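Derivation of every value follows stated rules applied to the coordinates shown; laboratory data play no part. Every value quoted in this text rests on a predicted model; they were computed, and no experiment measured them. Positions of Cβ are backbone-derived with ideal geometry, glycine not excepted, and every protein chain shown enters the neighbour counts.
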Protein chains: 2
Amino acid sequence: MKIALDLMGGDNAPKELLAGAIKWLNEYDTGQIILVGQQEVMAAELSGCSYDSQRLALVNASQVIEMDESPATALRKKKDASIVVATKLVKEGRADAVVSCGSTGAQMAAALFILGRMEGIERPPIVVAIPSRGSQPTLLIDAGANVDCRPLQLVQFARLGRAYARGVLNIENPRVALLNNGEEEGKGNNLTTQTYEILRQQKNINFIGNLEGRDLFNDRGDIIVCDGFTGNVLLKAMEGMAMFLAAGIKQELGTIPSAFARLDYTQIGGAPLLGINGISIVCHGSSRREAVCAGLAIAAECINNNIIAQQLQELAELS
Amino acid sequence: MKIALDLMGGDNAPKELLAGAIKWLNEYDTGQIILVGQQEVMAAELSGCSYDSQRLALVNASQVIEMDESPATALRKKKDASIVVATKLVKEGRADAVVSCGSTGAQMAAALFILGRMEGIERPPIVVAIPSRGSQPTLLIDAGANVDCRPLQLVQFARLGRAYARGVLNIENPRVALLNNGEEEGKGNNLTTQTYEILRQQKNINFIGNLEGRDLFNDRGDIIVCDGFTGNVLLKAMEGMAMFLAAGIKQELGTIPSAFARLDYTQIGGAPLLGINGISIVCHGSSRREAVCAGLAIAAECINNNIIAQQLQELAELS
């Protein structure tokens, strides 16, 4: 098992990314990491680090795509960008997955152009695991990749989420719900009311109807489907609220309770991009070593459970 | 000043609503409350309570609209429902505002059919104040009334939000932003990219561009505009997250830090319905006495600052 790590993307690159890679090597017995980035930067960072050199390889990439660049333009101009080189390693079979904390748009564009979409999938969604009261997280899909969606796309998201829930999280018959502004049938905007009808007619899917925003945390559904605009705004609002609350509590108590760690996006995370012919794991731009290590662990889970085959099988069920 | 309070709607009716009314009477020196509900229920609840009877009147309404009823059907069938009777008091000039913790849909429908829309307004939005790092809250508009919106509606929301920010919160030149999936110009879905263009061309409005979900708490904008589907999902997700975090922290520390009180929707709140010819304040269905009292206080602020005239003046600026 080989995982390519884009060492140049994200707020804390390359230091925390490298630390995350070494943490992963120390915690897991098998698997190799291929660091992709500027050779001299990587060499300098690695000097003095203690790691199993048999399990760490370096691949040079001379360029970096910055967060504020247009993904399509950057991809065209920067052929030797770290995310491009890393994604190509997957395409060529030299790596089994790519992990990045860099520009999500650039990572998506690289996945689309280099790895390609699965048949019938227009644009790949991102699935994010949200901590819940249950033993398993709630999967929110699409978490931000597709801002305008048609009903059939949301149905595809449900199928892809199901593949991930079953294949990687081992949830046998995941409860699939539609994120909506009320639970009752008939509630919703044009998109969700139409999606409801199609989801209800799908075979081999445990569609439980509408759920509301608050149910993300309530363990009432395993997979909650929404358009990527709503998913993006939602996740960022929750992030902002967690920071706001943490600041208030720190002022009050002098410390931040560890309950916040479950919501700290610098420490948790790693969100698979689904519906593409290869494994690409999106990490938060502010990821620290714990989040990078978690992202690598998710990549390993996806590889070990053959998430690609799981998705193809699930998409064949679309009706 | 007279405020009609629908005493029969909400999870904690009538007890907490009555307690909220009495709390308001004790805290504010002027103004009268008209309790609207079933006469015998109100009389029984009032016996033994200590209050200034000069400032509390009762109006009988024999029916109640339940949370799960279709608003339009309920309004047609239940002519003597408390929210209908209370809204009619405003229409007839016997009250200056109505406050309810009952079905938001029924309250909106009553406002639309009995009070009517302001000219040019299709459907009234709800404005919600979100606590922020700043000295003033961030106003989110529409918080859930209109699930499918056209760009011009979002521009109207911006205007109505501006009237509320200026007229009631005394923010001289409020920063108006569009809720989006990224800050850069050009980001967004069909709705937000089109709205951006219209907002940019509006005169006499301090449009600062796009803001993201996390900025709700960051005091970067005073008014954040979105469609009601996004607003509804967002608010409920934040509510769910606050409860999830509070439960985790209570387990950890044995107590819930008071920082949570700023986000406790049973204690805060009162969200004006804008764009209608009358003042109607929506309170959360789970409101307790503190939230009811806060809702009454917001009604009083809207009356004292003549929010209706402020809105009409602002709508005249639409270009």
For this session: Could you run the Debye sum over the Cα atoms of the stretch A:138-179, one equal point scatterer each and no solvent, and tell me log10 of I(q)/I(0) at q = 0.18, 0.22, 0.26 Å⁻¹, two decimals?
Result: -0.50, -0.72, -0.94
Problem set entry | Mean-position separation - Cα centroids, the stretch B:46-91 and the stretch B:243-319, in angstrom | 20
Seminar exercise, completed: Summing +1 per Lys or Arg and -1 per Asp or Glu among the other residues with Cβ less than 12 Å from A:Pro257's Cβ gives 0
Problem set entry | Charge context of A:Tyr196, other residues only, Cβ under 12 angstrom, K/R +1, D/E -1 | -2
Exercise. Can you give the alpha-carbon Rg of the protein assembly as shown over 2.2 N^0.38 Å, where N counts its residues?
Worked result: 1.03
For this session: Could you size up the charge dipole of the stretch A:122-267 around its Cα centre, putting +1 on the beta carbon of Lys and Arg and -1 on that of Asp and Glu, and report it in debye to the nearest 20?
Result: 300
Problem set entry | Over chain A, relative contact order from alpha-carbon pairs under 8 Å, at least 6 apart, % | 23
For this session: Return the Cα extents of the stretch B:122-265 along principal axes one, two and three, sorted largest first, each rounded to a whole Å.
Result: 53, 31, 29
Problem set entry | the stretch B:118-204: C-alpha pair distances exceeding 17 Å, % | 50
Seminar exercise, completed: Here the cysteines of chain B lacking a cysteine partner under 4.7 Å (Cβ to Cβ) are B:Cys49, B:Cys149, B:Cys226, B:Cys293, B:Cys302
Exercise. Taking N as the number of residues in chain A, what is its Cα Rg relative to 2.2 N^0.38 Å?
Worked result: 0.98
Problem set entry | Alpha-carbon spread of the stretch A:1-125, three principal axes, descending order, Å | 44, 28, 21
Seminar exercise, completed: In nm, the gap between the two label points placed 7 Å beyond Cα toward Cβ at A:Glu252 and A:Lys77 is 4.8
Exercise. Which distance in Å, rounded to a whole number, links the C-alpha centroids of the stretch B:206-228 and the stretch A:7-45?
Worked result: 36
For this session: Using packing as a proxy for protection, rank A:136-147, A:21-32 so that the peptide with the highest average count of other Cβ atoms within 10 Å comes first.
Result: A:136-147, A:21-32
For this session: Taking 7 Å along the Cα-to-C-beta vector as the label spot, tell me the B:Glu122-A:Ser50 distance in nanometres, rounded to one decimal.
Result: 6.6
For this session: Quickly rank A:155-168, B:159-172 as a protection proxy: mean count of other C-beta atoms within 10 Å, highest first.
Result: A:155-168, B:159-172
For this session: Considering only DSSP beta bridges where both residues belong to the protein assembly as shown, give the percentage that are antiparallel (nearest 5).
Result: 25
Exercise. How high is the FRET efficiency from A:Asn26 to A:Asn218, r the C-beta distance, R0 45 Å, rounded to 0.05?
Worked result: 0.80
Problem set entry | Model label zone, B:Arg262; criterion: amide N under 18 Å from point 7 Å along Cα-to-beta-carbon; scope the stretch B:198-222 | B:213-222
Seminar exercise, completed: Amide H neighbours of A:Leu178 at under 5 Å, excluding residues fewer than 5 places away on the same chain, with H built from the backbone geometry, are A:Gly209, A:Asn210, A:Leu211, A:Val225
Exercise. Which far-off residues, 5 or more places away or on another chain, put their amide H under 5 Å from the one on B:Ile276, with H placed in the peptide plane?
Worked result: B:Met118
